[in-house]
Structures are given as C-alpha cells and as structure tokens.
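The values are calculated or read from the model by the stated rules, or taken from the named source; none is laboratory data. Everything numeric in this text was worked out from a predicted model, so none of it was measured. Note that we place each Cβ from the backbone using ideal geometry, even for glycine, and neighbour counts take in every protein chain shown.
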Amino acid sequence: MDIPVYLINGFLESGKTTFIKTTLEDPEFINGDRILLLVCEEGEEEYDEDKFRKKNIYVEFIEEREDFTNQKLEELNAEYHPDKVIVELNGVWQMQDLLEMEMPAGWTTVQLITMVDASTFMNYINNMRSLIMEQLKYSDTVIFNRCTKDTKKNEIRRIVKPANRKAQLIYESSDGTDMDGDEEDELPFDITANPIVIEDDDFGLWYLDILDFGKKYNEKNIKFKAQVYKDPKMGKGAFVPGRFAMQCCANDIGFIGFTARIPSYYADFLNSHNNRDWINVEAKIKIELRREYRGRGPVLYVTKLEDAVPAEEEVVYFT
C-alpha cells in the first residue's frame, strides 16, 4: 500500500510549522493513521511531541542535509511503520535533489506545498531570486500568508506562473483566513475584438491571463506572432506556437506556448518550417480537458498560418 508523503517547504519563519500544526489538528487528515513528521529545520514555533504521541503522531528531527538519506528514511520507516509522512523541509536545501532522491518502498510524494511570507516575498525576489524560485517551480501549491490589502497579487502571479504554470496560488491574511484569489490584470489588448490581436510585447501577459482566466477566451478567435515548436511525440497535425520567455532570471529562459492543431491544408506549410521559425497565427481557442493542465486549458485550432518577420524583442517578459 502506498504511503503518501507531504513535503512542506519554505524559508525559516515562512509559516511551515503553523501550517503543519493546523493540518495535524484536522480529524479528517489524521483519520486514526500513524503519522511520521520529519522536521528538517527548527524555527521559533515548536511541536508538542507528548501531545502528538497521544494522537499517533511521531516527530523525528533531521537537521543536516547529509543525514537526510535513503538509509535514514528506511530506518525510520522500519521503526514507525507510518501510514502518512509529513516532511518540514529546510528552505535552503536543493529541491531537485530531494525530489530525485530514492524513497523507502511505498513512499509516494503526493503534494509539495511551499509557504511564503508575502510581506518579505519581493525582498527575496530582489536579493535571492534563484533560491526562492527553486522552491516555487516544483510546488503543487504555494500559500502566500500574512497578506494585506496592499499585497500585489497580480505582481506575485506574474513572477510565479511563468516558472510553474500548474501551481495553485493561495493567499491568506495574517490571521490565517483566505483572501480573494488572483485578480484579473488590466489588459493592453481588447478581449472583445474579433480576432483578439496580441501585439509582440503583450504575449507574456496574454499567456498568464489565459492560464488563469481561460473561460473568457473560450470559442474566441486570436491572432499573434510566434515561433514554431514541433515534436514528433505530439502527433500528426499538432505543434506549439510560442515564444521564449525569461521565467525567473536571465539564466532561466524557456519556451512557452499552447498546443495548436492545424487543418490538413496547412500540413505542407508546417512541414516546410523548422523549430524557431517565425509565423503569424490565427486560431479559435477552445478550453478543453488536457493532461498537461491537470484539468481544463487552452487548445488552439488554427485557421490561418503565414510567415512573419521576427519580433523586435525575441524574449518575452511578464510585465
């Protein structure tokens, strides 16, 4: 039987311990299971180990990265035989290394949650951008706590979503209550036009907006300039028109775009073009269930393709 593992990440004093305590007070989560809590970083908040033990919750501390090994986890698995595992990670450990590490048999990572103090987020972005983006780009859920009415949620979204479009963003006030989620940007293009024309400099904003508010684009026509990306694994008649974008820093530029399907009469046109070639695209947007979105997301049904001159600025930014 699989043993679900929940990874809770974030910098010191980001609210990890408070979040875990709240989770372990939820009867539906506990559900009579034996729970192993691995603590890799101690902050000001502490756990009441005696109280936990009465609930079948067992706390172990692994504070050094070199001690967080498969062998150590195997030993703890054999000692406690947990039904669930929660790991409070050290925020400066390399996330990719942890995700690639071999776990005990049956242990399955089911969720990676990153806690972020919204009041200090921009300071981290300005001074330790690569370190905090390392946390965010692998997360399933990012919880921004200590939010106020002045928290710039749109600005946060434009930072996180390019690096991790699948992440769910949650905003909480200082008392832990949920705040309204993402707010729609004031867009530089006309959403009521037919077709909606996306200028070269606005591709990034359109990309984020359709990811978060796709419903308003369903069945609408779009026109934009893009580069070709083809992959045989996508199947016949499918490609991705997109752009290269700076996702978190100058050293992290990646390709972004959406799956497009072409009518048969554009097959020769697409076959005659290579990856990175510039084209103009006109398409009808349909919001469909897609595996890559873990739900519904945009698919472009092409109505027109033609050659285009390169954009003046080849790299997309999200501001």
*Hey, among the residues in the range 145-163 that are crowded, with 19+ Cβ neighbours inside 10 Å and closer than 22 Å to TYR317 by Cβ, which one's farthest from the chain's Cα centre (by Cα)?*
ILE156
*Could you please find all residues in the range 94-129 being closer than 20 Å to GLU44 by Cβ and either among the basic types (Lys, Arg) or not in a strand (DSSP E or B) (or both)?*
ALA118, SER119, THR120, PHE121, ASN123, TYR124
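Checking the conditions here, which among GLU314, GLU288 is over 18 Å from MET234 (Cβ atoms) and surrounded by 11 or more Cβ atoms within 10 Å (Cβ to Cβ)? Before the answer, list the steps.
Working: GLU288 fails: over 18 Å from MET234 (Cβ atoms).
Selected residue: GLU314, the only one of GLU314, GLU288 that is over 18 Å from MET234 (Cβ atoms) and surrounded by 11 or more Cβ atoms within 10 Å (Cβ to Cβ).
Out of curiosity, is ARG146 part of a helix (DSSP H, G or I) and either within 16 Å of ALA118 (Cβ to Cβ) or modelled with pLDDT under 95 (or both)? Even if it seems obvious, please write down each step before you answer.
Numbers: part of a helix (DSSP H, G or I): no; either within 16 Å of ALA118 (Cβ to Cβ) or modelled with pLDDT under 95 (or both): yes.
Criteria not met by ARG146.
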*Give me the pairs: first residue in the range 238-251 and closer than 22 Å to ARG157 by Cβ and surrounded by fewer than 20 Cβ atoms within 10 Å (Cβ to Cβ), second residue of a type outside the set (Asp, Glu) and modelled with pLDDT under 60, beta-carbon distance under 8 Å, and six or more apart or on different chains, which are they?*
none
_If GLU88 satisfies all but one of (1) surrounded by 14 or more Cβ atoms within 10 Å (Cβ to Cβ); (2) of a type outside the set (A, V, I, L, M); (3) within 17 Å of ALA163 (Cβ to Cβ), what's the number of the condition it fails?_
(3)
*Which residues, counting only those in the range 91-108, are exposed (fewer than 12 other Cβ atoms within 10 Å of the Cβ) and of a type in the set (Gly, Ala, Ser)?*
ALA105
*Just checking, which of PHE213, PHE269, PHE224 is aromatic (Phe, Trp, Tyr), crowded, with 17+ Cβ neighbours inside 10 Å and either outside the structural domain of MET128 (by TED's automatic domain parsing) or modelled with pLDDT under 90 (or both)?*
PHE224
*Are any residues in the range 37-51 surrounded by fewer than 12 Cβ atoms within 10 Å (Cβ to Cβ) and under 15 Å from PHE19 (Cβ atoms), and if so, which ones?*
GLU44, GLU46
